[in-house]
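To start, the structure under review is shown below, and the notes come after it.
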Amino acid sequence: MTTAKKRPPGRWKAGESGNPAGRKPGTGEVAKVRAAIAARVPELLTAMMARALEGDVGAARLLLERAIAPLKAAEQPQALTLPDGSLTDQGRAVLSAVAAGELAPGQGAQLLAAIGSLARVTEIDELEARLTKLEEKQNAKP
């Protein structure tokens, strides 16, 4: 007959914490270092700015990268009149506009993707209409 081992007094079960509330936030070493740095941020910024103004490119870059968001290239909207014909005709018009320099290549690619999506939606609509007609014919037969 085996007996279960008893835990020695003062021991916790496996996976059970001896301090369920845990350490209070902000009492660790990292929090102390961050607080010490935060207290001196104005001095650090002044020193970094002085170094940047003296010609330290690294300091200038660091300040600018942290203070000003990087600029992203943006294409200007461009008006384009597409023909009323088929989606293929519209796609050709977009390609012609890109080739002629009237439309940015990125905008042309986005328009072609939109025309492709429209073609898939149109195809689904046409298939649904054909299926409905076939079902109506099938149900109308005696």
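The values are calculated or read from the model by the stated rules, or taken from the named source; none is laboratory data. Keep in mind that what you see is a predicted model, and the values were worked out from it rather than measured. Methodologically, a virtual Cβ is constructed for each residue, glycine included, from the backbone with ideal geometry; neighbour enumeration extends over all protein chains shown. All accessible areas refer to the heavy atoms of the entire protein, side chains included, with ligands and DNA or RNA removed. Shrake-Rupley method; radii C 1.70, N 1.55, O 1.52, S 1.80 Å.
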Of the criteria (1) open to solvent by 60 Å² or more (accessible area, probe 1.4 Å); (2) hydrophobic (A, V, I, L, M, F, W, C); (3) outside any helix (DSSP H, G or I), which one residue 82 fails: (1)
From 117, 96, residue being over 17 Å from residue 76 (Cα atoms), polar (S, T, N, Q) and either open to solvent by 90 Å² or more (accessible area, probe 1.4 Å) or touching an Asp or Glu at 6+ places or on another chain (Cβ under 9 Å) (or both): 96
Qualifying residue in the stretch 94-104 (condition: part of a helix (DSSP H, G or I) and of a type outside the set (A, V, I, L, M, F, W, C)): yes
Test for residue 22: is it on the phi > 0 side of the Ramachandran plot and either in a helix (DSSP H, G or I) or surrounded by 10 or more Cβ atoms within 10 Å (Cβ to Cβ) (or both): no
Qualifying position, being at pLDDT 90 or above, of a type outside the set (D, E, K, R) and in contact with a Gly (Cβ under 6 Å, 6 or more places away or on another chain), among 57, 94, 41: 94
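Residue-wise test of (1) in contact (Cβ under 8 Å) with a residue 24 or more places away in the chain; (2) more than 30 Å from residue 122 (Cβ to Cβ).
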residue: 34; (1), (2): no, yes
residue: 55; (1), (2): no, yes
residue: 75; (1), (2): yes, no
residue: 80; (1), (2): yes, no
residue: 83; (1), (2): no, no
residue: 95; (1), (2): no, no
Lone unmet requirement of (1) touching a residue at least 12 places away in the same chain (Cβ under 8 Å); (2) loosely packed, with under 15 Cβ neighbours inside 10 Å for residue 68: (1)
Candidate set: the stretch 37-65, residues that are charged (D, E, K, R) and either outside any loop (DSSP other than H, G, I, E, B) or open to solvent by less than 100 Å² (accessible area, probe 1.4 Å) (or both); chosen: the one farthest from residue 108 (Cα to Cα): 43
Near pairs, Cβ below 8 angstrom, 6+ apart or cross-chain, from the stretch 100-128 (farther than 21 Å from residue 84 by Cβ) to any residue that is open to solvent by less than 50 Å² (accessible area, probe 1.4 Å) and not in a loop (DSSP other than H, G, I, E, B): 104/98; 105/98
Condition broken by residue 140, with the remaining ones in (1) aliphatic (A, V, I, L, M); (2) closer than 20 Å to residue 86 by Cβ; (3) more than 30 Å from the chain's Cα centre (by Cα) satisfied: (2)
